[in-house]
Amino acid sequence: MKNHILFFILLFSGSSAFSQAIPRFNPDTVLTMKMDQDAVVKIGKAGLDIEDFIQEIVTDTSFYQAFRNMKKYAFTAENRVFTYDKKDKVEGKVYRKIFHNNDAKGHNLKFLEKGDSGNLYKKNGKYDLYTVEMFDYIFMNAYNSDFVPNSANAPAGKGGTNESYKDKLKTLVFTPGRPIKGVPFIAGKTEIFTANMRQYYDYSFFKGTYLDSIPVYRFKVLMKPDLSNWTKDGIMIKELTTIFDQRNFQILGRYIDMKIDNMAFEFDVQMNIEMSYFGGDLLPTKISYQGNWDIPFKKEEKASFLVLHKNYQLE
């Protein structure tokens with residue numbers, strides 16, 4: 001069961017705006033970010049400081065709320081999943097194009113297109129990789145679940161194991177920098193803004209343009225390159241990059257690069273989540289993932305996915 005907890009955390013832990021660390025086919029080819037050349041952001045009393053960005057990251061709730069707001073809308077989702085063999089060659093493909101809307105009876109999902117190819121299934125008809133199975137389960141449930149106003153900082157759920165998974169997931173993705181309790185060898189490694197952990201990271205922020213029109217800041221927390229190999233191996237979060245709207249400091253995107261190798265498990269994961277404005281709401285538009293993970297006595301899993309949400313309409 002702890003392996004399941006780990007997977008939920010890894011699946012939603014992070015972009016064509018950033019380099020993918022895993023050297024293989026990357027399905028994310030949607031360019032959204034343009035950095036201003038030689039742009040320098042003033043630091044100190046005359047401008048912004050790293051503490052301003054960190055404070056916004058650890059207290060923000062709008063990023064989480066965007067996923068709640070999504071369920072009020074009609075929209076089209078394009079979901080692509082790729083699996084890989086031991087040599088990082090594409091082994092299987094999953095494609096789903098889905099139209100989501102709401103009526104008096106609840107959520108409606110209409111499959112506009114769907115197609116699978118390659119080596120994806122076991123003899124019993126189930127997906128061969130747990131990664132793909134969980135991807136299908138999580139997104140189909142997300143599209144079908146009801147909209148309920150909530151906060152990313154809500155008290156821990158008391159509804160059993162599944163609620164515990166959700167709490168851990170929300171902590172890492174929506175309020176990074178907090179400990180993930182209950183996961184062996186990981187709990188304290190996510191607290192990257194503590195006084196002890198800050199010595200291992202470099203901080204930088206620059207101006208840029210998002211979706212050709214939105215002025216943004218890109219705030220990057222990156223593991224220092226000159227650390228000893230022993231120290232690097234013990235640091236799980238290699239990079240956390242957050243995109244802020246310059247006009248209101250809302251978070252428009254988040255990229256996470258994580259890697260660790262110990263006796264319990266091994267994983268190498270990069271993920272990017274991006275938002276955009278529709279009417280008065282901030283809504284998710286792109287989620288991309290690249291990941292390898294290996295747990296003793298289980299088959300090593302290599303997969304990537306790209307989720308695009310388009311044509312939001314409030315009904």
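Since every read-out is calculated from the coordinates, none of them should be taken as a lab result. Owing to the predicted nature of the structure, the values given are computational and were not obtained by experimental measurement. Because the Cβ atoms are built from the backbone with ideal geometry, glycine has one as well, and the counts that use them run over all protein chains shown.
Summary of values
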| item | result |
| --- | --- |
| Of the GluC sites (Glu not before Pro) in segment 224-291, those whose Cβ has at most 14 other Cβ within 10 Å and which sit in DSSP loop | none |
| Exceeding the 29 Å Cα-Cα cut-off - candidates 87/220; 123/238; 114/238; 220/286; 34/110 | 87/220; 123/238; 114/238; 34/110 |
